[in-house]
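First up is the structure itself, then whatever we jot down about it.
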Amino acid sequence: MKARQLALEQLKDLKVVVTGGAGFIGSHLVSKLLDLGNQVTAVDSFLHGNKLELPKNSRHLSLCQGDIRDYDFIRSALAGQDLVFHLAAVVGVEYTQMSPLEVLDVEIQGTANVLKAAAAHNIKRFVAASSSEVYGDSPVVMDEEQPMSPRSTYAIAKLAGEAYCEAFYQSHGLEYTCLRYFNVYGPRQDERFVIPSFVNRVLSGEPIIIYGDGRQTRDFTFIDDAVVMTLLAAQNPEAKCQRINIGTGRMVTINELADLIVKIIDARDTAKPEHVNYDRKRPQAVEVFNRRAGVARARRLLQYTPGTTLVSGIKKYLDWRGQK
Ligand SMILES: NC(=O)c1ccc[n+]([C@@H]2O[C@H](COP(=O)([O-])OP(=O)(O)OC[C@H]3O[C@@H](n4cnc5c(N)ncnc54)[C@H](O)[C@@H]3O)[C@@H](O)[C@H]2O)c1
């Protein structure tokens, strides 16, 4: 614990940019960086609003509203900075299915712009958000070295983003780390995502809606663990030019998740979940059925094991909702 705190404190003198800084993961990352004492610039187009929850007049935070597809904008936002966390992206299965060109544009053109600006300003480390989606379906645990078989535009775009990072390292020496997040959840997450949407249904007395038979598995990572791992990836020289899974190595089925949420909320009268067919907005063809992170690389390089259980993470999420 003390060693981890010391590792994180090594970052505290750096000037940091977080693209997607007003989003779910980005806003938590910004809060943690401010707690550590960093000077932080949050870049965001506010596509889905602003999730930053900060004390007013936070002196160490600059907010830059703009689009990463605008090179001049991002180049000026990165001037004089040391470290970039690149999280801005178009997310969510339904939205990304309906807007594939926007997904490609933001992920490919946007990421290329942020990398180009980072190289121009001699940024020390570039940490990019990738996704477990790059693996496609996997019969067992997803390890970083296994063949990729992305199934959706979003997954292909994320893989292209990773390839761009490697290309900029080769051509400009820009050191990067790509983090493949596995279903991060917690306070501030949009209600379109699985845990917030199940909680909503239960709290409003409606049955949970599950696509397919509910036997698909997911590896849920609580936001605080994901944020610490993200920071450790930036700090640790061993993580340079690596792709690293950010997950727990534990999986649950969607049916089990639904039961767990009903039990934690103690809503015994809730109707049984409704299983519905996949549809145009959520096609079965892009569903990744088995998802469980291989965590050996994260343990070795980041020396961190996510400690929040799914039960305690869901309780923390409910506490946050209760305070809203
Ligand atoms: N949350 C997860 O479970 C998860 C899983 C895998 C990967 N990821 C990746 O992690 C990153 C953060 O995800 P999140 O869950 O916080 O999503 P989010 O939607 O809450 O945050 C993304 C932010 O990017 C901003 N953005 C979108 N397009 C932009 C543009 N063109 N210019 C500037 N800003 C733009 C949005 O306004 C938003 O605030 C994303 O890259 C996502 O693909 C997240």
Exercise. Do any residues in the range 238-254 that are basic (K, R) have Cβ atoms under 7 Å from those of residues that are at pLDDT 95 or above, where the two are at least six apart or on different chains, and which pairs are they?
Worked result: K240/E175; K240/T177; R243/S130; R243/E144; R243/E162; R243/C178; R243/R180; R250/D219
For this session: Considering each residue of the range 169-198, count those that are surrounded by fewer than 21 Cβ atoms within 10 Å (Cβ to Cβ), over 15 Å from the mean Cα position of the chain (by Cα) and in a helix (DSSP H, G or I), and give that number.
Result: 6
Exercise. Can you find even one residue in the range 177-198 that is free of Cβ contacts under 8 Å to residues at least 24 places away in the same chain and within 15 Å of the ligand (Cβ to nearest atom)?
Worked result: yes
For this session: Among the residues of the range 217-263, count how many are within 24 Å of A167 (Cβ to Cβ) and hydrophobic (A, V, I, L, M, F, W, C).
Result: 6
Exercise. Can you tell me which residue in the range 242-267 is surrounded by the most Cβ atoms within 10 Å (Cβ to Cβ), limited to those that are hydrophobic (A, V, I, L, M, F, W, C) and closer than 27 Å to K158 by Cα?
Worked result: I246
For this session: Within the range 206-220, identify whether any single residue is under 17 Å from the mean Cα position of the chain (by Cα) and among the charged types (D, E, K, R), and answer yes or no.
Result: yes
Exercise. Which residues, taken from the range 72-124, are in a loop (DSSP other than H, G, I, E, B) and either within 13 Å of V43 (Cβ to Cβ) or aliphatic (A, V, I, L, M) (or both)?
Worked result: L78, A79, Q81, L87, A88, A89, V90, V91, I123
Exercise. Quick one: would you say A239 is in contact with a strand residue (DSSP E or B) (Cβ under 8 Å, 6 or more places away or on another chain) and either surrounded by fewer than 21 Cβ atoms within 10 Å (Cβ to Cβ) or closer than 25 Å to V202 by Cβ (or both)?
Worked result: no
Exercise. Of the residues V134, V84, V106, which is more than 23 Å from V30 (Cα to Cα), under 19 Å from the mean Cα position of the chain (by Cα), at pLDDT 95 or above and of a type outside the set (S, T, Y)?
Worked result: V134
For this session: Return a yes/no flag: does the range 135-156 have any residue that is of a type in the set (S, T, N, Q), more than 13 Å from the ligand (Cβ to nearest atom), farther than 18 Å from N290 by Cβ and surrounded by fewer than 17 Cβ atoms within 10 Å (Cβ to Cβ).
Result: no
For this session: Pairs only if they're at least six apart or on different chains, beta carbon under 7 angstrom, first in the range 267-280 and over 17 Å from L257 (Cα atoms) and touching a residue at least 60 places away in the same chain (Cβ under 8 Å), second small (G, A, S) and assigned to a loop (DSSP other than H, G, I, E, B); list them, first residue then second.
Result: Y278/G212
For this session: Mind counting the residues in the range 1-55 that are within 13 Å of the ligand (Cβ to nearest atom), of a type in the set (A, V, I, L, M, F, W, C) and crowded, with 18+ Cβ neighbours inside 10 Å?
Result: 10
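The values are calculated or read from the model by the stated rules, or taken from the named source; none is laboratory data. Here the structure is a predicted model, which is why all the values come from computation and not from measurement. In this analysis, Cβ positions are derived from the backbone assuming ideal geometry, glycine residues included, and neighbour counts consider all displayed protein chains.
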